[in-house]
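Below: one structure, written as structure tokens.
The values are calculated or read from the model by the stated rules, or taken from the named source; none is laboratory data. Predicted, not measured: the structure shown is a model, and the values here were computed from it. Please note: Cβ atoms are built from the backbone with ideal geometry, for glycine as well, and neighbour counts cover all protein chains shown.
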Amino acid sequence: MAIIDFFDRGLRINPHGIAYIQDERSFTFREIGELSCRIANGLLAEGLARETKGAVWADNDVTAWGCALGLWRAGMAYIPVNGRNAPDENQFILDAFDCEVLFFQQAFAPVIDALRGGLPKVKLWVCIDADLPWAPSLATWSASQPSSAPVIDYDMDEVVTLSATGGTTGRPKGVMNTHRAYQTYFAQFMTAFPYQGEERPVNLAAAPMTHTAGMLSLPCTARGGTVVVLPKPDPAAVLGAIARHRVTEFFLPPTVIYRLLDIPGISKQDFSSLKCFLYGAAPMSVEKLKRAIEVFGPVMAGGYGQTEAPASISYLTPAEHFVGGRLASDERLSSVGRPNPLIRVEILNDRGEVLPQGESGEICVRGDLVMKGYYKAPEKTAETIVDGWLHTGDIGHLDADGYLHITDRKKDMIISGGFNVYPSEVEQVIWAHPAVQDCAVIGVPDETWGEAVKAVVELNAGHSVSADELVGLCKQKLGSVKAPKSVDFVAALPRSPVGKVLKKDLREQYWQGLQRKI
């Protein structure tokens, strides 16, 4: 199936049903389907070629998502633009990825107008919600276009998304994903998290739709379900939407889940509608995961993926959080589940050899889920995809039961006094302390050890703990080699627009003028 076929499946199942809800407005499948057709016909009328790159610069918004659907319906490639990025980063992405069409919300018009001179490849500017002197509104631009679908013969290996990745370690690279990759992703998701008979899922899109939340809405749409769109993952709004719309599934990164758990009285809320609360995009504290299961019920679901192998390398389903009716061991809960069935996942050593279960090496993936490559970067593609294997850059192992464990990112591993220290192992111990909201463990320069382990800690409001107490806790659990040599407390850890802690930014504070060997 082409990516637009997943929307059209829902359209056929439930044409008059509610496809999307935002604020007080509902949108039917037919309404959004016709909007996407007018957009697609408008793009084709402009004479734009197949796989033309088009971007949508907007907050979470149903009409903005309709623009992405229109690009796909026209056989073009969608560039997700996160409105929370710095303007110069988005300008770089749009120019480097050869964007020719830009749909945008009026709220971003002043920023975009200032950048237009640096975006000479853009041929068409369309403002989603207003007519501007230099850009027609979406309604004006598409008004004369037919609301029937253009006849397009989709090639499963054509690029449908060109997504930025690697911005935390340098200039973003453009990941080219195809219809085939998303077909694999959606099939794996729908198999792992099934619905019965005429059940209609209700998906909550609270995290940025330019990231995981957008693509996770499409399996819901394919089932004829409803997607409730929130402008941002405000904890109070999330809780209100779950109760009001009887949400059955949604995704949030761990940092937002931690904030939810801190809301007074959350354990008294009604979460009986939930079937799947997916967490991922960053490691999650096992202790906070246990708390989430207490609060939300047996619905938590872990996930592991990368932009280069979107969102479905493995899943830890709600049922797999339990063994024999009891909560599973910490080892199981710290895993990201078993690899999914339509791909192959192995642990390889530096020579490209498959390692036995239990041994640590680089997590590598092959199959239809894997990206086509990096845009206009064949050398980086060749470094990442070797002999058909996508090298994820993540270190991990498969345990005796086949569950995949991510030890850490290769670049984040600390070598202290000749010993390898994986930050995630230390972070799990520190996260377990009740005073700790979040933490990041990094290596900092040290004359004796080469690198010393440092913990940078964000505390819960109104709580306190000493550095000595945290170091002592780590020594007790992990021994002195892995325990932090120092602890810094900060008001807030630096995070990306999607909630990942930016360890590169933290390390730069301590490595200025020095060369880190990893």
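Each row is one residue, and each column tells you yes or no for (1) over 21 Å from the mean Cα position of the chain (by Cα); (2) touching a residue at least 12 places away in the same chain (Cβ under 8 Å); (3) within 23 Å of V441 (Cα to Cα).
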{"site": "I266", "(1), (2), (3)": "yes, yes, no"}
{"site": "S273", "(1), (2), (3)": "yes, yes, no"}
{"site": "K288", "(1), (2), (3)": "no, yes, yes"}
{"site": "I293", "(1), (2), (3)": "yes, yes, no"}
{"site": "M300", "(1), (2), (3)": "no, yes, no"}
{"site": "T317", "(1), (2), (3)": "no, yes, no"}
{"site": "G325", "(1), (2), (3)": "yes, no, no"}
{"site": "R332", "(1), (2), (3)": "yes, yes, yes"}
{"site": "V336", "(1), (2), (3)": "no, yes, yes"}
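Keeping to the stretch 345-392, report how many residues are among the polar types (S, T, N, Q) and free of Cβ contacts under 8 Å to residues at least 60 places away in the same chain. So that I can check it myself, show each step before the final result.
Our first condition is that a residue be among the polar types (S, T, N, Q); within the stretch 345-392, this holds for 349, 357, 360, 381, 384, 392.
Adding the requirement that they be free of Cβ contacts under 8 Å to residues at least 60 places away in the same chain leaves 349, 357, 360, 381.
Looking only at that region, the number is 4.
For the stretch 444-460, the tally of residues that are farther than 18 Å from R495 by Cα, in contact with a strand residue (DSSP E or B) (Cβ under 9 Å, 6 or more places away or on another chain) and either of a type in the set (S, T, Y) or in a loop (DSSP other than H, G, I, E, B) (or both) stands at 1. Only residues that are modelled with pLDDT of 95 or more and either in contact with a helix residue (DSSP H, G or I) (Cβ under 7 Å, 6 or more places away or on another chain) or closer than 21 Å to I406 by Cα (or both) were counted in the stretch 295-304, giving 6.
In the set (1) acidic (D, E); (2) farther than 21 Å from G174 by Cα; (3) in contact with an Asp or Glu (Cβ under 8 Å, 6 or more places away or on another chain), E51 fails one condition alone, (2). Just checking, does the stretch 187-197 include any residue being at pLDDT 95 or above, part of a loop (DSSP other than H, G, I, E, B), over 30 Å from F277 (Cβ atoms) and of a type outside the set (A, V, I, L, M)? Among the residues of the stretch 187-197, not one is at pLDDT 95 or above, part of a loop (DSSP other than H, G, I, E, B), over 30 Å from F277 (Cβ atoms) and of a type outside the set (A, V, I, L, M), which makes the answer no. Considering only residues in the stretch 471-518 that are among the small types (G, A, S) and farther than 30 Å from D234 by Cα, the one that is modelled with the lowest pLDDT turns out to be G513. Screening A461 against (1) aliphatic (A, V, I, L, M); (2) surrounded by fewer than 17 Cβ atoms within 10 Å (Cβ to Cβ); (3) over 27 Å from V256 (Cβ atoms) leaves a single unmet condition, (3). The strands (runs of 3 or more DSSP E) found entirely in the stretch 95-180 that carry 2 or more residues being under 30 Å from L369 (Cβ atoms) and not aromatic (F, W, Y) are 99-104, 159-165, 173-178. For the stretch 22-58, the candidate set comprises residues that are part of a loop (DSSP other than H, G, I, E, B) and at pLDDT 95 or above; within that set, the residue that is nearest to the chain's Cα centre (by Cα) is T52.
Of the residues A440, A435, which is assigned by TED's automatic domain parsing to the domain that holds V481, free of Cβ contacts under 8 Å to residues at least 40 places away in the same chain, touching a strand residue (DSSP E or B) at 6+ places or on another chain (Cβ under 7 Å) and not basic (K, R)? If you could, list the steps in order and put the result at the bottom.
Working: A440 fails: free of Cβ contacts under 8 Å to residues at least 40 places away in the same chain.
Every option except A435 fails the conditions.
Of the numbered criteria (1) touching a helix residue (DSSP H, G or I) at 6+ places or on another chain (Cβ under 6 Å); (2) part of a loop (DSSP other than H, G, I, E, B), the one N85 fails is (1).
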